[in-house]
Structures are given as structure tokens and as C-alpha cells.
């Protein structure tokens with residue numbers, strides 16, 4: 001009975017140490033973050049998931065290494081996902097794009113901004129033409145700013161039979 005209790009206590013202690021180590025590593029990582037709430041949440045959730053996965057491998061020191069590696073990888077992946085455009089950002093961008101493609105003259109820039117995330121962007125039509133089948137299309141440039149970093153791209157959108165515009169190519 002005593003051996004059973006000692007063995008059980010030893011297993012609990014190892015798991016406890018593993019969990020505490022993972023939480024400590026996540027806390028350290030979160031103190032270094034400068035992103036917004038989505039990046040922070042993604043980092044923390046990714047780190048916790050990575051720590052739990054890493055704890056499944058190895059024993060003793062090997063398990064601690066697994067927890068550390070899983071925490072770092074999970075935190076990195078979670079942060080990357082959290083820093084991208086969310087559904088609300090996409091809604092603001094799409095609303096601006098639909099308005100721009102439908103009624104803005106070539107060269108006139110329309111902007112959008114999500115007041116909750118701070119993400120923003122612009123879209124500018126650069127050319128309007130009609131395809132052989134009669135479909136109207138517009139080439140455009142766009143910028144998207146996330147966490148102070150701007151990215152620029154361009155593409156083509158065409159009017160669909162229902163009156164909406166669909167992006168058919170991007171670069």
C-alpha cells in the first residue's frame with residue numbers, strides 16, 4: 001500500500017511539475033508580446049495546447065523538453081493565427097470593396113477600418129472593362145494594415161449575375 005501511494009504521489013508530482021513548467025513558460029512568453037487581444041489569446045491558447053500535447057511524450061527530463069517544445073510551437077502558431085484578419089475585419093473590407101467596385105471611379109480610393117481590432121485597409125480601382133461575355137470587371141490595388149504593418153496586393157473582381165462583386169484573381 002505504501003509503495004502504491006509513493007508511486008501515485010510520484011506520478012502526480014511529475015504531472016504537476018510538467019503543468020507548472022508549461023504555465024511558467026506561457027506566462028514568460030505572454031509578457032514579451034506586443035500584439036492585440038487576438039494575438040495574445042492565440043498565443044496563450046496555442047501555448048497551452050502545445051504544452052498538453054508535448055506532455056504526452058517522454059518521461060522525466062524528456063517530458064519537460066516535450067512540454068517546452070510544444071509550448072513554443074503552439075504559442076508561435078497561435079500568435080500567427082490571432083494576428084490575421086478576423087471575420088469582422090473581413091466584413092468591413094468586403095463592404096468597402098463592394099461599394100468601391102460598384103460606384104467608385106478609377107483611381108478613387110475607399111478605406112475601411114475595424115474600430116475593435118484597429119485593422120484597416122484601402123481599395124482602389126485601377127481599370128474597368130467588360131469581358132467578351134458582357135461581364136463587368138475591375139482591376140484594383142489594395143492595402144491592408146495589421147499591427148502597423150502594411151501589405152499591398154492587386155487583383156480583379158467581376159460583377160456576378162446577382163449584382164455582387166466577386167474577386168476572381170489576386171496577386
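The values are calculated or read from the model by the stated rules, or taken from the named source; none is laboratory data. Small disclaimer: the values here were computed from a predicted structure and weren't measured. Backbone-built Cβ (ideal geometry, glycine too); neighbour counts: all protein chains shown.
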query = Does region 118-138 contain at least one residue that is at pLDDT below 90 and crowded, with 18+ Cβ neighbours inside 10 Å?
reply = no
remark   = Conditions (1) touching a residue at least 24 places away in the same chain (Cβ under 8 Å); (2) not in a strand (DSSP E or B) -> residue 95 fails only (1)
